Amino acid sequence: MAEELIPETPETPETLGDQDTVLDDADEASAGKPVKQRKNGLYVSVSDELAENMKSGWADTELRDLEPVAQAPYAADRRAALSARFPGDRLVIPAGGLKTRSNDTEYSFRPSTEYAYLTGDQTEDGVLVLEPAPGGDGHRATIYLTPRSNRENGEFWLDGRQGELWVGRRHSLAEAEQLLGLPAKDVRELAAALREATGPVRVVRGHDSSIEAALADKVTAERDDELRVYLSEARAVKDDFEVGELQKAVDSTVRGFEDVVRILDKAEATSERYIEGTFFLRARVEGNDIGYGSICAAGPHATTLHWVRNDGDVRPGDLLLLDAGVETHTLYTADVTRTLPINGRFDELQRKIYDAVYESQEAGIAAVKPGAKYRDFHDASQRVLAERLVEWGLLEGPVERVLELGLQRRWTLHGTGHMLGLDVHDCAAARTEAYVDGTLEPGMCLTVEPGLYFQADDLTVPEEYRGIGVRIEDDILVTEDGNRNLSAGLPRTSADVETWMAAVKQG
Ligand code: GLY
Ligand code: MN
Ligand code: MN
């Protein structure tokens, strides 16, 4: 953080983010009154001379002749499909803004998935508006963005939340137009324009409360939900750009798993946190971030499905369930799990359980093909697990009865997979008939991730099973003639995992 400024009125510290008030201060500068700079809730006085001095002496850094971003033509196609689905309606898709973490610090920003999908842009507070074109012929799309900071009114150095001197250079509106292939306007004009707007409007809710407030008397929950559902279902089939990005996400993830194996033996790696940090380094260096909280679950923690506390020890002889994914710079995420013997070798029972999960995953992956029901891969995976549980004497057969009553679920716990894309659990607002009751098509990407989890306090299984959790998760693309495993770069059989771990540690 920046050096602390001198508190002038410490008893009533102001918080950041009140742009209007900051601009009032700047306006005072132009009116010749004393100016105060505000940052970190504190004030510092600024002399007239300094305020005047800061207005000028800056080079022209405007960028010209920019190439459009790679996803611009794809985003244009997606907007065209959206336009055709909602003729005559004004459609408003906000990116969302910064969220406070504490006082004047914010969480790192990620735009709404809908906004990223339709624009390729990632600017906080951006809003995409599709306005019905005159004569009922499609829509005109405009992106509303925060422009570059004004130097004349001091905003660029006096505003700690949006001033470019504090937060970094933004694109000018003219630059954004070239990069995104869309007309760009100042977002500060949008709320008032929307209040004035006539005709039917739909907004993607949950991202920008000021935009929703401006539209409060113009929208209905039911109509907005139709927009949200459409944008979820539209993402089910990935275009070529998206498939390429998902592969990049997976490839970085493979390298992140190798990083973890490489440090597994080191003394300082005996904590789940060290593993989390190791994977995170790869995600931040090669991508934008992790796509979801990494699950670094050693020993019995592997039986907690979303173990993201990652505050446990890592002990030789135990298994490590690592479920992690790199998110690319374009915000597509991988979602991969491997369950690794920490000392490099599965013991007999660990191997028996692991091999059952592997067989289950094989059956699931084989069921992923165009024309198959979405549920088929889940059913195929669950059948194998139920068979093994009966064989091991943990469940009484026949297998059909077990499956009918879902008795295996005490140890299989979760569904066998989900759609993957910009969101780790992608297409989550899709209707049942379009998703879980739907049919697989080329271009869909899904995880296949069966698991077996024996809780440490489960008295219905022999003691040696307790505290063992195994999941194997891969990212599978439906192709014209079957499927492609995007995460095939990581081994899956127990023997191959052992060989790979030994090789990575040596290399
Ligand atoms: N990492 C969450 C999941 O596998 O669905
Ligand atoms: Mn996962
Ligand atoms: Mn998953």
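Projecting the Cα positions of A334, G364, G344 onto the charge dipole of region 331-380 (unit charges on Cβ atoms of Lys, Arg, Asp and Glu, taken about the Cα centre) puts A334 furthest along the positive direction.
The convex hull of the Cα atoms of the chain, projected and averaged over all directions, covers 29.3 nm².
Within region 175-230, the percentage of alpha carbon pairs spaced more than 14 angstrom apart rounds to 61%.
Here the contact order of region 35-149, divided by its residue count and restricted to Cα pairs under 8 Å and six or more residues apart, works out to 21 percent.
Would you mind checking the pairs K218/K373; K55/K185; K185/K218; K248/K352; K99/K266; K248/K505 and listing those with alpha carbons more than 29 angstrom apart?
K218/K373; K248/K352; K99/K266
Across region 348-413, Cα-Cα distances exceeding 14 Å account for 57% of all pairs. Annotation: per residue accessible area for region 408-489 equals 38 Å², rounded to a whole number [probe 1.4 Å, protein chains only].
For the chain, what's the relative contact order in percent, using C-alpha pairs closer than 8 Å and at least 6 residues apart? Could the numbers behind the result be given before it?
Working: 990 pairs, mean separation 60.0, N = 507.
Taking the mean separation of contacting Cα pairs over the length of the chain, I get 12 percent.
Per the Debye formula on identical point scatterers at the alpha carbon atoms of region 208-278, with no solvent, log10 I(q)/I(0) at q = 0.17, 0.24, 0.28 Å⁻¹ is -0.77, -1.01, -1.15.
Which is farthest toward the positive dipole end of the chain among Y453, L305, G168, measuring Cα position about the Cα centre, with Cβ charges +1 (Lys, Arg) and -1 (Asp, Glu)? Most positive-ward Cα: Y453. Note on region 308-365: with charges restricted to the Cβ of Lys and Arg (+1) and Asp and Glu (-1), its dipole about the Cα centre is near 120 debye.
The P(r) of region 50-197 has a tail past 24 Å containing 39 percent of all C-alpha pairs. The Rg/Rh ratio for region 437-498, using Cα coordinates for both the radius of gyration and the Kirkwood hydrodynamic radius, is 1.15. Relative to the Cα centre, the charge distribution of region 368-436, modelled as +1 at Lys and Arg Cβ and -1 at Asp and Glu Cβ, gives a dipole magnitude of about 20 debye. For D318, the residues 5 or more places off, or on other chains, whose built amide H falls under 5 Å of its own are I342, N343.
Rounded, prolate or oblate: pick one for region 302-447, where a ≥ b ≥ c are the square roots of the eigenvalues of its C-alpha gyration tensor, a/c under 1.5 means rounded, and failing that, prolate if a/b is larger than b/c, else oblate. Spell out each step's value before the answer.
Working: a/c = 2.06, a/b = 1.11, b/c = 1.85.
Because a/c hits 1.5 or more and a/b fails to exceed b/c, region 302-447 counts as oblate.
Normalised radius of gyration (Cα atoms, divided by 2.2 N^0.38 Å) for region 50-124: 1.61. Seen from a random direction on average, the alpha-carbon convex hull of region 396-463 projects onto 6.7 square nanometres. Of the solvent-accessible surface of the chain, computed with a 1.4 Å probe and all protein chains present, 49% belongs to carbon and sulfur. Accessible surface of W166, taken over heavy atoms with a 1.4 Å probe and every protein chain present, rounds to 70 Å². Restricting the GluC sites (Glu not before Pro) of region 411-507 to loop positions (DSSP other than H, G, I, E, B) with no more than 14 neighbouring Cβ atoms within 10 Å leaves E480.
The values are calculated or read from the model by the stated rules, or taken from the named source; none is laboratory data. The model shown is predicted, which means the values in this text are computed figures rather than measured ones. Cβ coordinates were reconstructed from backbone atoms using ideal geometry, including for glycine residues, and neighbour counts include every protein chain displayed. Quick note on the areas: whole protein, heavy atoms, side chains included, nothing else; ligands and nucleic acids left out. Shrake-Rupley method; radii C 1.70, N 1.55, O 1.52, S 1.80 Å.
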